[in-house]
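The values are calculated or read from the model by the stated rules, or taken from the named source; none is laboratory data. Note that the structure is a prediction, hence the values are computed from the model and not measured. Cβ placement follows ideal geometry from the backbone for every residue including glycine, while neighbour counts extend to all protein chains displayed. All accessible areas refer to the heavy atoms of the entire protein, side chains included, with ligands and DNA or RNA removed. Shrake-Rupley method; radii C 1.70, N 1.55, O 1.52, S 1.80 Å.
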Amino acid sequence: MPAARCTLVCAPRLVTLFKRSFPEMDIAPLGAGIAGDFDARLPLIDAAALLRPDFAHFPAQDGYLTADPA
């Protein structure tokens, strides 16, 4: 079974940051039309509460966002 495909909708000024940080994810600016069928829609804050209920559920890593090298 293939993995779920996610589209992250965010403020337009954050699109390049999230595209750079999560290249495997579709990123769309808030207000843009999103084409296609969806099985679910979940606000990010709700996903965080379900998937990472406490700090023990976060993998050990240096960070999630990738700064612009320039």
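Report the calculated FRET efficiency for Leu51 and Leu14 (r = Cβ-Cβ distance, R0 = 25 Å), to the nearest 0.05. For Leu51 and Leu14, the calculated efficiency is 0.80.
Remark: the chain carries 90 Å² of accessible area per residue (probe radius 1.4 Å; ligands, DNA and RNA excluded).
Listed highest first by mean packing, meaning other Cβ atoms within 10 Å per residue, what order do 20-30, 55-65 come in? Kindly include the intermediate steps, with their values, before the conclusion.
On the way: 20-30: 13.1, 55-65: 6.9.
Ranked by mean Cβ neighbours within 10 Å, highest first: 20-30, 55-65.
Surface composition of the chain: carbon plus sulfur atoms hold 61% of the accessible area, using a 1.4 angstrom probe and ignoring ligands, DNA and RNA.
Report relative contact order for the chain in percent, whole number only (criteria: Cα-Cα under 8 Å, sequence separation at least 6). Could the numbers behind the result be given before it?
Working: 46 pairs, mean separation 23.8, N = 70.
In percent, rounded to a whole number, it is 34.
Close amide H contacts of Val9 (hydrogens built in the peptide plane, cut-off under 5 Å, sequence separation of 5 or more or a different chain): Ala28. When the inverse distances between all different Cα atoms of the chain are averaged and flipped, the Kirkwood radius reads 14.1 angstrom.
With θ taken as phi - 60° and the Karplus curve 6.51 cos²θ - 1.76 cosθ + 1.60 applied, the whole-hertz 3J(HN,Hα) list for the range 5-10 is 9, 10, 10, 9, 9, 9 Hz, x standing for glycine and proline. Peptide packing for 36-48, 4-16 was compared via the average number of neighbouring C-beta atoms within 10 Å per residue; ordered from the highest value, the list is 4-16, 36-48.
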